[in-house]
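Below you'll find the structure, written out as structure tokens, and then a few comments.
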Amino acid sequence: MSVPLFNLAPNLTVSRLCLGTMTFGEQNSLPQSLRLLDQAFDAGINFFDSAEMYPVPQRAETQGKSEEYFGQWVRKRKISRDRVVIATKVAGPSGQMSWIRDGPKCLDAKNITEAVDGSLKRLQMDHIDLYQIHWPDRFVYSSYPLSISPGDSLGLWTCHFKTNCVSSYVPMFGETEYDPVRQFSSVPIEEQLDALGRAVDAGKIRYIGLSNETPYGVMKFLHFAENNVHYPKIISVQNSYSLLCRTFDSGMAECCHHERIYVLGYSPLAMGILSGKYFASDGAPSDARLNLFKGRYSEGESRYSLARNTLKLATMEYLGIAEKYGLHPVSLAIAFVLNHPLVASTVFGVTKSWQLEEVISACNVELTSEIIADINKIHAKFPNPCP
């Protein structure tokens, strides 16, 4: 069984399954990572996603390992560069990852340029196929500590500096409502596009994309690129999309449809929840991510909180659909994402060979109209429990 392909851009054909590498260097050792990459490549996956901050949970001691492991795999296996498509990302403002350019404190031209060069060095490659802004730089400057209400779920992305505080603020990673009070200033998008354009001109990156973006952000990037021939146009948006998170369809879908921007839907299994393992009688294996990193992975634990009753109720009903139609829960979840007409590829992560086999087996499953109707009924009852 071969993984189907998708023409994302001119001379950029990607597999509809994209192997995410954010476990490489933390949950997966180098030998384990190489074996997973071998297995994925042999199955027809040519698309791989990383980020300069990976693996997660992020630590100074492991930062960049995911890119390094992928680069080592390409060299060790002597794989021709044109046979793989590598996507990676520049970290936006966080205030907590001080080991990445002192924060990072902003996403200006200097930070972007240094990030591109850093990724190329770790990958030991001369170019990156798709370079993405990991999350937006529309942030807050303040000389006082930020006051974040208990209901906020910014998690690991929130900073609390005493002076010169920078905090990336866009409703993302589980937030759904925009608060204009928290928006003060940001690096101009034109400056970011100019830096990315220079990297394209230098042959360091081929295409650019966004991640964790909003309709506003997508349209502004497109607007500036349309009015300046030196600015590259984004070709993709990597946002969360799954049975438990369909917020993309609210506003982003219209933008992407009319502007011909494709979606790279990440977390199709909602951090493994849709496999059903966390609701098994044994409460999932101890090395399952939400168990292994309990208390250390705030973004995951807030967004995919197992204590949220609507999440459990929705998941159990989706598992019921899988059983009703004789499908593996993973097959249902992956097939649902790939069924979306705007999804070019789904970005998934695995730590074990058998998990990879399950995902690969799912990519050719077709959902009938009856299955889609049943899915939509559950979505109407429990809309986006993991936004």
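The values are calculated or read from the model by the stated rules, or taken from the named source; none is laboratory data. As the structure is a prediction and not an experimental result, all values here were calculated from the model. All Cβ positions, even for glycine, are placed from backbone atoms using ideal geometry, and neighbour counts span all protein chains on display. SASA here: full protein model, heavy atoms, side chains in, ligands and nucleic acids out. Shrake-Rupley method; radii C 1.70, N 1.55, O 1.52, S 1.80 Å.
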Is it fair to say PRO93 is touching a Pro at 6+ places or on another chain (Cβ under 8 Å), on the phi < 0 side of the Ramachandran plot and free of Cβ contacts under 8 Å to residues at least 24 places away in the same chain?
no
Considering the stretch 77-90 alone, what residues qualify as being touching a residue at least 60 places away in the same chain (Cβ under 8 Å) and either open to solvent by 10 Å² or more (accessible area, probe 1.4 Å) or not basic (Lys, Arg) (or both)?
VAL85, ALA87
Out of the residues in the stretch 80-118 that are part of a loop (DSSP other than H, G, I, E, B), out of contact with any strand residue (DSSP E or B) (no Cβ under 8 Å at 6 or more places or on another chain) and farther than 17 Å from PRO136 by Cα, which is modelled with the lowest pLDDT?
ASP102
Within the stretch 270-292, is there a residue that is touching a strand residue (DSSP E or B) at 6+ places or on another chain (Cβ under 9 Å), farther than 23 Å from PRO57 by Cβ, open to solvent by less than 10 Å² (accessible area, probe 1.4 Å) and not in a helix (DSSP H, G or I)?
no
Considering each residue of the stretch 42-65, count those that are in contact (Cβ under 8 Å) with a residue 40 or more places away in the chain, more than 18 Å from SER345 (Cβ to Cβ) and not in a helix (DSSP H, G or I), and give that number.
6
If you go through LYS121, LYS220, the only one that is out of contact with any Asp or Glu (no Cβ under 6 Å at 6 or more places or on another chain), surrounded by 14 or more Cβ atoms within 10 Å (Cβ to Cβ) and at pLDDT 60 or above is LYS220
Quick test for you: out of SER66, SER94, pick the one residue that is touching a Cys at 6+ places or on another chain (Cβ under 7 Å), open to solvent by less than 10 Å² (accessible area, probe 1.4 Å) and hydroxyl-bearing (Ser, Thr, Tyr).
SER94
So which of SER236, SER286 ends up being small (Gly, Ala, Ser), touching a Gly at 6+ places or on another chain (Cβ under 8 Å) and over 17 Å from LEU356 (Cα atoms)?
SER236
Output the residue which, of all residues in the stretch 278-307 that are free of Cβ contacts under 8 Å to residues at least 24 places away in the same chain and out of contact with any helix residue (DSSP H, G or I) (no Cβ under 9 Å at 6 or more places or on another chain), is farthest from ALA322 (Cα to Cα).
ALA307
Neighbours by Cβ (under 6 Å, 6+ apart or cross-chain): first from the stretch 236-262, touching a residue at least 12 places away in the same chain (Cβ under 8 Å) and more than 25 Å from PRO329 (Cα to Cα); second in a loop (DSSP other than H, G, I, E, B) and of a type in the set (D, E, K, R):
VAL237/GLU213
Determine, yes or no, whether GLN32 is part of a helix (DSSP H, G or I), closer than 22 Å to PRO268 by Cβ and at pLDDT 95 or above.
yes
What about THR315, is it under 21 Å from GLY20 (Cα atoms) and either part of a helix (DSSP H, G or I) or modelled with pLDDT of 95 or more (or both)?
no
Selection within the stretch 252-269 - in a loop (DSSP other than H, G, I, E, B) and either open to solvent by 10 Å² or more (accessible area, probe 1.4 Å) or within 16 Å of THR351 (Cα to Cα) (or both)
ARG260, SER267, PRO268, LEU269
Here is a check on your reading of the model: is SER50 open to solvent by less than 40 Å² (accessible area, probe 1.4 Å), under 20 Å from ARG206 (Cα atoms) and at pLDDT 95 or above?
yes
Looking only at the stretch 318-332, decide whether some residue is open to solvent by less than 10 Å² (accessible area, probe 1.4 Å), part of a helix (DSSP H, G or I) and either touching a His at 6+ places or on another chain (Cβ under 8 Å) or under 22 Å from VAL14 (Cβ atoms) (or both).
yes
What residue, of SER250, SER281, SER302, is touching a Ser or Thr at 6+ places or on another chain (Cβ under 6 Å) and at pLDDT below 95?
SER302
Exactly one of ALA333, ALA380 is under 19 Å from THR247 (Cβ atoms), in contact (Cβ under 8 Å) with a residue 40 or more places away in the chain and small (Gly, Ala, Ser), and that residue is ALA333
